[in-house]
1. Taking Cα centroids, how far is region 95-140 from region 32-48 in Å?
2. Full extension from residue 229 to residue 217: what is 0.36 nm times the residue separation minus their Cα-Cα distance, to one decimal in nm?
3. Pop a pseudo-label 7 angstrom from the Cα along the beta-carbon direction at both residue 117 and residue 4 and give the gap in nm to one decimal.
4. Tell me the relative contact order for the chain as a rounded percent, counting alpha carbon contacts under 8 Å between residues six or more apart.
5. Fully extended, how many nm does the chain gain between residue 181 and residue 164 (0.36 nm per residue separation, minus their Cα-Cα distance)?
6. Between beta-carbons, use under 12 Å as the cut-off and find the net charge around residue 67, counting Lys and Arg +1, Asp and Glu -1.
7. Normalised radius of gyration for region 107-165, please: alpha carbon Rg relative to 2.2 N^0.38 Å, two decimal places.
8. Only Cα pairs under 8 Å and at least 6 apart count here; give the relative contact order of region 35-90 as a rounded whole percent.
Amino acid sequence: MLDFLDYCVAQNFDAAELTSYFFPPACDQAYLLSLRHAAFLRGVAISGTAIGNNFTVGRGQRLDDEVAAAKQWIDRAAVLGAPHVRFFAGTAKDLNEDTNRLDEAIAALSQCAAHAATQGVFIGVENHGNLTAANMLEIMRRVDSPWIGINLDTGNFHSETPYADLAACAPYAVNVQVKASMKTPAGKIYPADLPRIGDILKDSGYQGYVILEYEDESPYENIPKFHEQLRTALGV
């Protein structure tokens, strides 16, 4: 994590998103505070963290465990000084197999949002797991909390109209993750139109963090170039 913070400084990033997958399994408060301390001294904001939960697994102990782990990461985010936690709602596959799964996911998200409100941490539900823009908008309408929004991943709408989907969801965004590539419904990869994405975010009035989530080839070679292109597209 310290090396990652140093890399963000070297690349002139304003902030770092510290994903939970890369933390020690038993990270304690002292470890979290050490990261907060290190980031502050480096002049890098901790923009948020991210978890890999699934709230469409069905009622029972597994869902209870998923909610408990999610609440734990809300608490950890507060200790880190991170204002945001990326959540997943679940998967389209689970929703298609049982119509109750969306209701259960919304109930779980509502529980977590109530807890997040006590810690001053935003939850951003990512358009992940092949959830559609309609799914995301329904979740936003039904979870009644000012502490929840969308973690808008620009590469996750594998539809015929991905930019329209992004534009529909952008007004609810509390965090944005921009990818270099997008996918067609058939799985064909094509370059993201960064200026178009920048215009969508600006037109929506979005003012929060924009995270570079680079998953393509030669990251150490290509991230600096993509970072510059992204800043140009955003006008920052």
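1. 28
2. 2.7 nm
3. Computed distance between label sites residue 117 and residue 4 equals 3.0 nm.
4. Normalised by residue count, the contact order of the chain is 13 percent.
5. On the way: separation 17, 0.36 × 17 = 6.12 nm, distance 1.64 nm.
Full extension of this stretch gives 4.5 nm more.
6. Local net charge: -1.
7. Against the empirical 2.2 N^0.38 Å value, I get 1.18 for region 107-165.
8. 50
The values are calculated or read from the model by the stated rules, or taken from the named source; none is laboratory data. Treat the numbers as computed from the prediction; the structure is a model and nothing was measured. So basically every Cβ, Gly included, is an ideal-geometry build from the backbone, and we count neighbours across all protein chains shown. Ligands, DNA and RNA are stripped out before the accessible areas are found, and what is left, the full protein with its side chains, is counted by its heavy atoms. Shrake-Rupley method; radii C 1.70, N 1.55, O 1.52, S 1.80 Å.
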